[in-house]
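A.B. asks: Pasting in a structure now, in structure tokens, and then I'll have a few things to ask.
The values are calculated or read from the model by the stated rules, or taken from the named source; none is laboratory data. Note that the structure is predicted; figures quoted are calculated from it, not measured. Glycine gets a Cβ as well: all are built from the backbone with ideal geometry, and neighbour counts include every protein chain shown.
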Amino acid sequence: MTLSQSLPQPALIVDNNEHKQAERELKKALEFAEGIIAAIPDVLFEVDQDGRYLQVWTRNPELLAQQKEMLLGKTVSDVLAPDQAAIAMEALREAGKEGVAYGRCICISLPNGETRWFELSVAKRPSADSTTTLLALSRDITERKQAEEAINSVRMQLLSVLQTMPDMVWVKNMDGVYLLCNHAFEQLTGKTESEVVGKTDFDLFAPERAKYFRVTDEEAIETGGMLVGEEWVVSEENGQSVLLETRKVPVMDAGGDIVGVLGVARDVTELNVSRQKIHQMAFYDPLTSLPNRSLFNDRLRQMITSAGSRGQRAGVMLIDIDHFKAVNDTMGHPVGDDLLCQAAARLNASVRDFDTVARLGGDEFAILLPDISQGDDLGRIAHSILDKFRERFLLDGQEVFISCSVGIALYPNDSADANDLVKYADSAMYLAKRSGRNGFRFYSKDLTASAEERMRLESDLRRAIERGELELHYQPKVLLDSGVMVGCEALLRWRHPEMGMIPPVRFIPVAEDTGLIVELGQWVLREACQTATELNADSRSPHKVAINLSVKQFQSAGLVKSIADILDETGCRAEWVEIEITESLLLDQKDETLQALSELRSMGFSIAIDDFGTGYSALNYLARFPIDTLKIDRSFINSTDRRNEELVKAILSIARCLGQNVVAEGVETAEQAAFLAANGCGSAQGFLYSKAVPKADIIALWLRSPAGGPNANERLCETIPS
Ligand code: C2E
Ligand code: CA
Ligand code: CA
């Protein structure tokens, strides 16, 4: 049925022009209305106030709940599910009252089994008579509804993700008004979502913080990108300080316009702790907590850069604890560690606040001293370090004297290069050590020369043995009361092809540092044993050859065995040899060292302590280990200091008590010899009698001496008072 058929027809057709005109216009209007209905995909119903279907127009009959013919005469409640019918009736009632009713949605099951959604727009149909009918336009909105539902479910999922996220999340609009916040936000701020949404930071937080939030929001909006920052806040949940890493990004609408700011904040407190731990591990020494070598190097470069730009001077100091190894070996590593910590504290206490004390490794420390006004400043600081070390250290309940050696290099005077400065301070420190320790030295150009010389000696020394450049000389040892020779000391000489005769003080330390001393020592032992065999061949009394052995030789494996082999090889007897060791060897409490020493002694070698009195002053080793001979260092003999005479007397009385022989070294004058003899010193060596001489000479001397060769009757030295 068309609309014109369904509408009431005019009752009378009056045959005049006016009527005809009216009729034409009515027809036009009806056709127009029909056109509209044909154009829209919706269904149009006319119903009465009880919801009874009076008319139905549609070009999509499949959208009807029942066929049109079946619908007419039934009510909405007959056709629709009760809840949907109720919604439809509500719309009809509202339109009846208000004239129109829009926007209600109902859901209808269609005959083909589909369920579809319709939106109702209802209007009261204007009519001349009193019967009121309603026109209801029902629009299929199923697709829109489905899309909405999909969006809604995604939204719900997102919201629940937001709520369970450990990170704080919030969104604010352009005016800084909160639009949403999640559970983590609520927990940290102690404010619920309902308290937050609709408010600005100024309503929620202290003005300072609110201002900061606002400024960072604006920054994120301005830059249009992500803004990352960190800040400490106090958690309202547990009162603890929390480090937050906050990211802010602008929020855009569909058109790409910025409409607000999204914030996400993560608790990075623990991460920060581990970051700090890693930093601590990478840049600090775990024992002393001082900066380590790599942080030292960093700071050294910074110091040089800043001193350079300000035209300032700066210092680098290297500090090495004297005889640290002895403490470590005798008292144990935990005590050694304790000493390092105490030393670190004293170093820190000796320098200015802005200086850096670092531990470079082992017992080696370094100090960076920026802004040095005069070289003197460095000397003063070095003095104060030495002073601090002069106070006794308490180690494992014992009071111990510890000293250190300090080397100093100055920027830019010595060098402007970081590596050079460290190298130079190191050479200066080395010099301080060589000059008797417990002191400080400034770097000088000569030191580089000596470092270079060391390197040259090192490489030349490797070839010295095979090239036959080494010689062994022998210094006679005589009885003080008679001047009769009783033995000698083997002393190494190096005849360098270009540098001439090099004294052992210059190359023995190099040999010890490089480990070459083991090979050299082996050569010395063989040579000296060979000489001892020759000296004793026809002798009336035994001639003892003293041989110097380095600590390093004892630390190398197989010393005893190789000495035994040398005895076999050379036909030398152990009682013809005295082994000279230094005090530090006895402080080395390693079992192997003492074991080797005991074995040598039981093989028949006698043992002498060389340079007695100059080393680590711990006399208890004398009681622990049987020593045959003490050699008083020549610094005590060749001295004008009266106190040294007293020390010599004291050493002599110790030796007497322990039944030990004493050899005075470096006797140069008759007065010295007389003093020693008067105080009961048994024998002596020194230039007064003879310097060290080549093998042929010592043999000749021995053969001429009263104790020596069968025909000897000459005294070695007539000057000795008897
Ligand atoms: P040392 O064992 O204390 O040797 C004594 C040093 O004093 C020798 O120096 C000797 O020439 C020197 N001397 C002797 N009498 C006098 C004197 O009256 N006045 C003065 N001013 N000096 C005197 P040298 O030969 O230069 O040896 C120096 C050091 O080198 C030795 O000191 C020893 O520690 C070491 N050395 C020498 N040869 C060897 C060796 O074969 N092996 C090892 N491990 N060290 C050696
Ligand atoms: Ca010696
Ligand atoms: Ca000596």
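A.B. asks: Give the range 453-494 a look and list any residue that's under 50 Å from the mean Cα position of the chain (by Cα) and assigned to a strand (DSSP E or B), or say none.
C.D. replies: If the condition is that a residue be under 50 Å from the mean Cα position of the chain (by Cα) and assigned to a strand (DSSP E or B), then Leu470, Leu491, Leu492, Arg493, Trp494 are the ones that fit.
A.B. asks: Looking only at the range 517-568, which residues are part of a loop (DSSP other than H, G, I, E, B) and of a type in the set (Asp, Glu)?
C.D. replies: Matches in the range 517-568: Asp538 only.
A.B. asks: Going through Thr142, Thr192, Thr133 one at a time, which residue ends up being free of Cβ contacts under 8 Å to residues at least 24 places away in the same chain and either polar (S, T, N, Q) or in contact with a Ser or Thr (Cβ under 6 Å, 6 or more places away or on another chain) (or both)?
C.D. replies: After applying the criteria, what remains is Thr192.
A.B. asks: Let me ask something additional. Mind counting the residues in the range 475-486 that are within 12 Å of ligand 2 (Cβ to nearest atom) and buried (at least 24 other Cβ atoms within 10 Å of the Cβ)?
C.D. replies: Count: 1.
A.B. asks: I want to confirm something. Restricting to the range 353-374 and keeping residues that are loosely packed, with under 14 Cβ neighbours inside 10 Å and out of contact with any Asp or Glu (no Cβ under 9 Å at 6 or more places or on another chain), which single residue is nearest to Ser306 (Cα to Cα)?
C.D. replies: Ser373
Results for (1) in a loop (DSSP other than H, G, I, E, B); (2) assigned by TED's automatic domain parsing to the domain that holds Met331; (3) more than 16 Å from ligand 1 (Cβ to nearest atom); (4) farther than 20 Å from Ala326 by Cα, shown as yes or no for each residue.
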residue	(1), (2), (3), (4)
Leu594	no, no, yes, no
Thr640	yes, no, no, yes
Ile651	no, no, no, yes
Ala655	no, no, yes, yes
Glu668	yes, no, no, yes
Glu671	no, no, no, yes
Phe675	no, no, no, yes
Gly686	yes, no, no, yes
Tyr689	yes, no, no, yes
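A.B. asks: Considering only residues that are among the acidic types (Asp, Glu) and more than 10 Å from ligand 1 (Cβ to nearest atom), which ones fall in the range 494-518?
C.D. replies: Selection gives Glu498, Asp513.
Table: residues versus (1) at pLDDT below 95; (2) buried (at least 17 other Cβ atoms within 10 Å of the Cβ); (3) away from ligand 3 (no atom under 16 Å from the Cβ).
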| position | (1), (2), (3) |
| --- | --- |
| Val524 | no, yes, no |
| Val545 | no, yes, no |
| Asp568 | no, no, yes |
| Gln589 | yes, no, yes |
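A.B. asks: Oh, and also: When the residues of the range 495-508 are filtered to those that are without any contact (Cβ under 8 Å) to a residue 40 or more places away in the chain and surrounded by 11 or more Cβ atoms within 10 Å (Cβ to Cβ), which remaining residue is nearest to the chain's Cα centre (by Cα)?
C.D. replies: Filtering first and then ranking leaves Pro504.
A.B. asks: Is it the case that Ala700 is surrounded by fewer than 16 Cβ atoms within 10 Å (Cβ to Cβ) and within 56 Å of the chain's Cα centre (by Cα)?
C.D. replies: no
A.B. asks: Here's another thing I want to ask about it. Would a scan of the range 589-599 turn up a residue that is more than 44 Å from the chain's Cα centre (by Cα) and away from ligand 2 (no atom under 13 Å from the Cβ)?
C.D. replies: Yes, because at least one residue in the range 589-599 is more than 44 Å from the chain's Cα centre (by Cα) and away from ligand 2 (no atom under 13 Å from the Cβ).
A.B. asks: Please work out which residue is modelled with the highest pLDDT, limiting yourself to the range 298-324 and to residues that are surrounded by 17 or more Cβ atoms within 10 Å (Cβ to Cβ) and out of contact with any strand residue (DSSP E or B) (no Cβ under 8 Å at 6 or more places or on another chain).
C.D. replies: Phe324
A.B. asks: Go through the residues of the range 314-321 one by one and say whether even a single one is over 24 Å from the mean Cα position of the chain (by Cα) and assigned to a loop (DSSP other than H, G, I, E, B).
C.D. replies: no
A.B. asks: Just to be sure before I move on: is Ile304 part of a helix (DSSP H, G or I) and either touching a helix residue (DSSP H, G or I) at 6+ places or on another chain (Cβ under 9 Å) or assigned by TED's automatic domain parsing to the domain that holds Val406 (or both) in the structure I sent?
C.D. replies: For Ile304, the condition - part of a helix (DSSP H, G or I) and either touching a helix residue (DSSP H, G or I) at 6+ places or on another chain (Cβ under 9 Å) or assigned by TED's automatic domain parsing to the domain that holds Val406 (or both) - is met.
A.B. asks: Looking at Leu491, Leu535, Leu479, which one is away from ligand 1 (no atom under 14 Å from the Cβ), in the same structural domain as Gln672 (by TED's automatic domain parsing), in contact (Cβ under 8 Å) with a residue 60 or more places away in the chain and more than 14 Å from Trp576 (Cβ to Cβ)?
C.D. replies: Leu479
A.B. asks: A follow-up question, please. Select, from Arg441, Arg462, the only residue that is closer than 30 Å to Ala382 by Cα and either modelled with pLDDT of 85 or more or within 16 Å of ligand 2 (Cβ to nearest atom) (or both).
C.D. replies: Being closer than 30 Å to Ala382 by Cα and either modelled with pLDDT of 85 or more or within 16 Å of ligand 2 (Cβ to nearest atom) (or both) holds for just one of Arg441, Arg462, which is Arg441.
A.B. asks: Mind listing whichever residues of the range 607-642 are away from ligand 3 (no atom under 16 Å from the Cβ), over 44 Å from the mean Cα position of the chain (by Cα), of a type outside the set (D, E, K, R) and surrounded by fewer than 19 Cβ atoms within 10 Å (Cβ to Cβ)?
C.D. replies: Result: Ala623, Phe625, Pro626, Thr640.
A.B. asks: Here's a check for you: in the range 166-195, which residue that is small (Gly, Ala, Ser) and closer than 18 Å to Arg247 by Cα is surrounded by the most Cβ atoms within 10 Å (Cβ to Cβ)?
C.D. replies: Among residues in the range 166-195 that are small (Gly, Ala, Ser) and closer than 18 Å to Arg247 by Cα, the one surrounded by the most Cβ atoms within 10 Å (Cβ to Cβ) is Ala184.
A.B. asks: Look at Thr75 and say whether it is among the β-branched types (Val, Ile, Thr), at pLDDT below 90 and over 19 Å from Ser127 (Cβ atoms).
C.D. replies: Here the answer is no, as Thr75 does not meet what is asked.
A.B. asks: What number of residues in the range 557-587 are of a type in the set (Ser, Thr, Tyr) and more than 16 Å from ligand 2 (Cβ to nearest atom)?
C.D. replies: Going through the range 557-587 one residue at a time, the tally reaches 2.
A.B. asks: Just a yes or no: is a residue in the range 129-146 assigned by TED's automatic domain parsing to the domain that holds Leu44, among the polar types (S, T, N, Q), in contact with a strand residue (DSSP E or B) (Cβ under 8 Å, 6 or more places away or on another chain) and part of a helix (DSSP H, G or I)?
C.D. replies: Scanning the range 129-146, I find at least one residue that is assigned by TED's automatic domain parsing to the domain that holds Leu44, among the polar types (S, T, N, Q), in contact with a strand residue (DSSP E or B) (Cβ under 8 Å, 6 or more places away or on another chain) and part of a helix (DSSP H, G or I), so the answer is yes.
A.B. asks: Another question, then. Looking at Val406, Val400, Val335, can you tell me which residue is within 27 Å of the chain's Cα centre (by Cα), hydrophobic (A, V, I, L, M, F, W, C) and surrounded by fewer than 23 Cβ atoms within 10 Å (Cβ to Cβ)?
C.D. replies: When all the criteria are applied, what remains is Val335.
A.B. asks: When you check Leu92 against the structure, is it part of a helix (DSSP H, G or I) and either more than 17 Å from Gly51 (Cα to Cα) or in contact with a strand residue (DSSP E or B) (Cβ under 8 Å, 6 or more places away or on another chain) (or both), yes or no?
C.D. replies: yes
A.B. asks: Name the pairs: first residue in the range 36-55 and under 19 Å from Ala95 (Cβ atoms) and assigned by TED's automatic domain parsing to the domain that holds Thr75, second residue part of a strand (DSSP E or B) and basic (Lys, Arg), Cβ to Cβ under 9 Å, at least 6 apart or on different chains?
C.D. replies: Matching pairs, first to second residue: Ile40/Arg139; Asp42/Arg139; Val43/Arg139; Glu46/Arg125.
A.B. asks: Those residues that are of a type outside the set (S, T, N, Q), within 15 Å of ligand 2 (Cβ to nearest atom) and either touching a residue at least 60 places away in the same chain (Cβ under 8 Å) or closer than 23 Å to Val545 by Cα (or both), I need them from the range 616-640; list them, please.
C.D. replies: Ile627, Asp628, Leu630, Lys631, Ile632, Asp633, Arg634, Ile637
A.B. asks: Run down Arg359, Arg441, Arg390 and say which single residue is over 32 Å from the mean Cα position of the chain (by Cα) and not assigned by TED's automatic domain parsing to the domain that holds Arg506.
C.D. replies: So the residue among Arg359, Arg441, Arg390 that is over 32 Å from the mean Cα position of the chain (by Cα) and not assigned by TED's automatic domain parsing to the domain that holds Arg506 is Arg390.
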